[in-house]
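Structure, as C-alpha cells:
Coordinate-derived values only; no laboratory data. Model, not experiment: these values are computed from the prediction. Virtual Cβ from ideal backbone geometry, glycine too; neighbours counted across all protein chains shown.
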Amino acid sequence: MLARAAGAARRELSTAASKGKDRIVLVDGVRTPFHPSGTLFNNYIAQDLGRFAIKGLLARTGINPAELDYVTYGNVIQEVRTSNIARESALGAGIPDTVPAHTVSMACISANQAITTGAAYIHAGQAEMVVAGGAETMSDVPIRWSRPVRQRMLASRKARKPADFLKLLKGLKLADLAPEAPAIAEFSTGEVMGHSSDRMAARFGVTRAEQDEFALRSHHNAAKATADGILKEEIMPVDGVQEDTGVRGDSTLAKLSSLKPAFVRPHGTHTAANSSFLTDGASAVLLMKESRAKAMGFTPLAAIKDFIYVSQDPSEELLLGPAYAIAKLMKRCGLGANEIGVWELHEAFAGQVLSNLRALESDSFAADKAKTGKKVGSVDMDKINAHGGSLSIGHPFGATGGRIITTTANRMNRENSEFGILAACAAGGQGHAMILERV
C-alpha cells in the first residue's frame, strides 16, 4: 500500500514538473565540513553533527523553526541512544517538539531517501516545509560484545546469588570476549564492497591506471574548488573549520600508483587511494513548493523533476545501481546525455564510477540489463564531479546524498545548466538517481 502510494506520488511529481505546475524545490542546502574519521569530529556523536547542519540551514535561510512541518534524516550506523537521529538532531537544533521527525536508513543513499520522502510528503499535502538530510560518524561506531556474552548479560538480570553468576560463565570461550565491530561485508553475500567493486571493474575492463587517474582528478578538482571558495558556499563552519580535511591537492599519480591493492590481493586494482575513506559529517536541505518559496522571498536553487530507485543482484551487480537508475530515469524523462549539463556521481570507488559510465555506453547493457532499448552514451568528463567527489571530499554514509544534491543545484546555477543529474550506489545492490531542473 505504502509502496503504491509512494510510486503514485513520484509519478505525479514528474507530471507536475513537466507541465510547469507547482514543483517541489530545493530552497537551500548546507553541510558540515567532512573530516576523516578519528580526526576533528572525533569527540562528537552523529546527533551533534546533525544538529550542527540543521542549525546552519536554519541560520542561512532565516526560517522560523516553528514554521517547519517535518524533519526526515538519514543515518546508517545507528547509536542506540539516538536511534531516531532525525528527532534528536531536530530538537538539538532548536526545532520545536511539536514538529515530527523520523529517520531512514538505505545505506549510502539514506539522505537521498530522506530528501525524496520529504518531497513526497509535500506533494501529498502532508507538509509544506521539510528539512531533510543525514548524518554519520565513523569515529564513534557502536561496538558490542559477542552473542554468548550478550546472552549471559541479559540472563544475569535474573541472577540472585553468587552461584547463579558463576553458572553464567560456564561454556564461555576466550574468543567470546572479543568485541564485535559493525560488519563491513554484505549480509546476503558475505562479500566486502571493495572486493565486489574490484570484480566489477575487471568485468568492464577498467584498469588500475584509469582508476588512479580518476582518483587524482577528484582530489585536484576538490582542492581547486576549495582554494577558489566554491565549496565554502555549501559548508557551514564547525569549531572554526570550514574546509574538508580529506582533500589531498598535493597527490601525484606516482604516489597513487605505488600503493598496493587493498581488497583483491595481489593483483587487484582497488587501493586505499582510489577508494573512499571513512568520514564524519552531516548535511541538511530545505524543501517546499515553488509557490511557497517565492511567496516567502526565496530564490530556489533547483526543482526536482523526477527520481528513481533501483535494485539488482548484490552478488554480481552490487554497485551498478547508478547505471540502471540513470538509464531508466533519462528514458522516462525523454532526455539525452548531451542535455544534462551537470553530473554528480557518488564516488564509492574510482572503479565503481568508471564501470557505471562504461555500462551507460554499452548497447548490450541497455538492451539486456536496463531494458531501455537505447544506451545513454558517453558522458563528457568535464561535466562530471567538477569540484571533486566522495573520493576526495569524503563519504559520511548517511549524509552524502545531501551534499550531492546541493552541489548539483549550485553547479547548475553557476554553470547556467537547465538540467542536472545526481546518482549513487548503495549496499544491497541498490541505487538512486534524480534529475533537477532550473527554476
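Ranked by the mean number of other Cβ atoms within 10 Å of their residues, highest first, the peptides 191-199, 220-228, 252-260 come out as 191-199, 220-228, 252-260.
Each residue in K167, K305, K369 was given a count of other beta-carbon atoms within 10 angstrom of its own, and listing them fewest first yields K167, K369, K305.
Let me make sure I get this right: for region 195-254, a, b and c are the square roots of the gyration tensor eigenvalues over alpha carbons, sorted descending. Under 1.5 in a/c it's rounded, otherwise prolate if a/b > b/c, else oblate. Which is it? Judged from the Cα gyration tensor, region 195-254 comes out prolate (a/c at least 1.5, a/b above b/c).
The spacing between region 95-124 and region 154-194, judged by their C-alpha centroids, is 34 Å. Classify the chain as rounded, prolate or oblate, taking a ≥ b ≥ c as the square roots of the eigenvalues of its Cα gyration tensor: rounded when a/c is under 1.5, otherwise prolate if a/b is larger than b/c and oblate if not. Oblate, since a/c reaches 1.5 and b/c is not below a/b. Is region 274-348 best put as rounded, prolate or oblate by its Cα gyration tensor, with a ≥ b ≥ c the root eigenvalues, rounded for a/c under 1.5, and otherwise prolate when a/b is larger than b/c, oblate when not? Oblate. If R0 equals 41 Å, the separation of the Cβ atoms of D313 and R265 corresponds to a calculated FRET efficiency of about 0.95. Between amide H atoms placed 1.01 Å from N, distances below 5 Å from M106 occur with N75, all of them 5 or more places distant or on a separate chain.
The slack in the chain from K167 to D368, taken as 0.36 nm per residue of separation less the alpha-carbon distance, amounts to 66.3 nm. Near A302, the amide H atoms lying under 5 Å from its own belong to L26; only residues 5 or more places off or on other chains count, and H is placed 1.01 Å from N. Projecting label points 7 angstrom from Cα along Cα→Cβ for T189 and R203 puts them 0.7 nm apart. Residues F397, F419 in ascending order of nearby Cβ atoms (within 10 Å, fewest first): F419, F397. Extension gain for R292-A181 works out to 35.4 nm (0.36 nm per residue, less the C-alpha to C-alpha distance).
Using the Cβ-Cβ distance between A272 and R157 with R0 set to 41 Å, the FRET efficiency from 1/(1 + (r/R0)^6) comes to roughly 0.40.
The ranking of Y44, Y324 from fewest to most other beta carbons within 10 Å of each one's beta carbon is Y44, Y324. Computed from phi, the 3J(HN,Hα) profile of region 63-73 under the Karplus parametrisation 6.51, -1.76, 1.60 (θ = phi - 60°) reads 5, 6, x, 5, 7, 5, 10, 6, 10, 10, 9 Hz, with x in place of Gly and Pro. Per residue, the chain reaches -11000 deg cm²/dmol at 222 nm when only DSSP H runs of four or more residues are counted, each adding -39500 (n - 2.57). Exceedance of the 23 Å cut-off in Cα-Cα distance is limited, within the set K21/K383; K224/K305; K255/K383; K305/K383, to K21/K383; K224/K305; K255/K383. Taking other residues whose beta carbon is less than 13 angstrom from the beta carbon of K371, and scoring Lys, Arg as +1 and Asp, Glu as -1, yields +4.
For region 271-281, 3J(HN,Hα) computed residue by residue from phi via the Karplus equation (6.51, -1.76, 1.60; θ = phi - 60°) reads 10, 5, 7, 9, 10, 5, 9, 5, 9, 10, x Hz, glycine and proline entered as x.
In this structure, V141 and L174 have a Cβ-Cβ separation that, at R0 = 30 Å, corresponds to a calculated FRET efficiency of about 0.80. Backbone amide hydrogens, once placed in the peptide plane, bring A386 within less than 5 Å of nothing, excluding anything fewer than 5 places away on its chain.
Among beta bridges from DSSP that stay inside the chain, the antiparallel ones total about 70%.
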